[in-house]
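Below is one structure, written out as structure tokens; comments come after it.
The values are calculated or read from the model by the stated rules, or taken from the named source; none is laboratory data. Not measured: the values here are computed from a predicted model. Heads up, the Cβs are rebuilt from the backbone with ideal geometry, glycines too, and the neighbour counts pull from every protein chain shown.
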Amino acid sequence: MRTPFDHPAARRRTSDSLVLRLSADGVDGIGECAPRSYVTGETTASVRTALEQVDFEALFALLTGRDPHELLELLHRDGFARTFGIDGGNNLLCLLETAVLDWLGRRTGLGARELLPGEADEERRSLPVSQVLDLSLDAEEFLATRGPFHFVKIKASDDIEHDARTVRTIRDKIGDDVPVMVDANMCWTPENSVGHAHRLREAGVDYVEEPLPKGSWEALRALRQDGGLRIMLDESVCTAQDARTAVESGACDAFNIRVSKNGGPLPAAGLVAYARENGVRFQFGVQVAEVGPLINSGRALAFGHPDALTVEAGQSDRFFPEMIVAPPPAVDRHTNTLAPADGPGWGMDLAANAERWAVRDF
């Protein structure tokens, strides 16, 4: 990565992701996952090992043996794992599902928004995106270089007073109308969380993201009641069962939905539906250093569900001097908005320079 990304749970200077190209009947489909061990317990090594156990003969037989429109309907109804009979972690399923959906899009001519559940409003040509202040940048430089601001997320440090000063500096500059969230990345404790929440609320915060260790349901409920801040959950909500537990525990006000950690764009869309049914807000987030299909599949979800609290666009244009996909996903940094991908599927192909990263042919 050309520039680093720092937060309390990780200091990231390199990207570690998997990209898969499926080729059948003269058509390619490109998929991606970004495993993070502290989120789902998966790594690129574990996903690659699991990928080598997949029955590709059966996968290709179904892929090429059914009408592509019918297969897409089946995926929407039954999900990828059940349709293809594949068990595995969220990132393995995401890698395969994104590749298969891209292949189906190219076979049918359907664009990204049409491949996924949601409001496929072809007239909507832009969405505002949030800006993220990580620990590699100070508040003054962030304010000077990263506007305009539609939603601000601040990565917490290990010093609550430093975080409160950062929030106050930003709030004084951007005013009261732009939502501000602090992402604590599981670094608070049940003992200090209420005090931290009060301090940040005084400074002008609206939401805190994943403040406590993953799955701290009772402590999250107590913090939500006593802390005075709305809580967004990220690492704690990887599966549909996690989402049900969070809601039934009264542990959150919002979900951070990310395609890779949630098992693919179709399960992610299912979480949106569940959130709406239960009065929970949601945002579309990204894994740091996504490189291609994850970016455009997440954006397709965002355009299909414009009632999201906010959308993260990622920073691939800042992280990588050259991308392995073409055209590279873009963000209009003058307006901090993004446009939908053009073309069938995810609207991108592997670039020529992707070949040097290839590690395995099946």
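Taking region 307-345 as the range and being farther than 22 Å from T44 by Cα and among the hydrophobic types (A, V, I, L, M, F, W, C) as the test, the residues that pass are A308, L309, V311, A313, A326, A330, V331, L338, A339, A341.
Against the numbered list (1) surrounded by fewer than 18 Cβ atoms within 10 Å (Cβ to Cβ); (2) at pLDDT 95 or above; (3) acidic (D, E), D342 comes up short only at (2). Looking only at region 221-247, residues that are within 25 Å of V178 (Cα to Cα), of a type in the set (A, V, I, L, M, F, W, C) and within 24 Å of the chain's Cα centre (by Cα) come to 4 in all.
Of all residues assigned to region 48-58, none qualifies as being farther than 19 Å from L20 by Cα and either assigned to a helix (DSSP H, G or I) or out of contact with any strand residue (DSSP E or B) (no Cβ under 6 Å at 6 or more places or on another chain) (or both). Scanning region 305-312 for any residue that is under 18 Å from the mean Cα position of the chain (by Cα) and within 13 Å of V259 (Cα to Cα) turns up at least one such residue. Is it the case that V19 is surrounded by 15 or more Cβ atoms within 10 Å (Cβ to Cβ), at pLDDT 95 or above and not in a loop (DSSP other than H, G, I, E, B)? Criteria met by V19.
Residues that are buried (at least 16 other Cβ atoms within 10 Å of the Cβ), over 18 Å from the mean Cα position of the chain (by Cα) and either closer than 30 Å to T64 by Cα or modelled with pLDDT of 95 or more (or both) within region 107-146 comprise R107, T108, L110, G111, E114, A120, A139, F142, L143, listed in sequence order. With respect to (1) touching a Lys or Arg at 6+ places or on another chain (Cβ under 9 Å); (2) charged (D, E, K, R); (3) over 18 Å from P344 (Cα atoms), the lone exception for E122 is condition (3).
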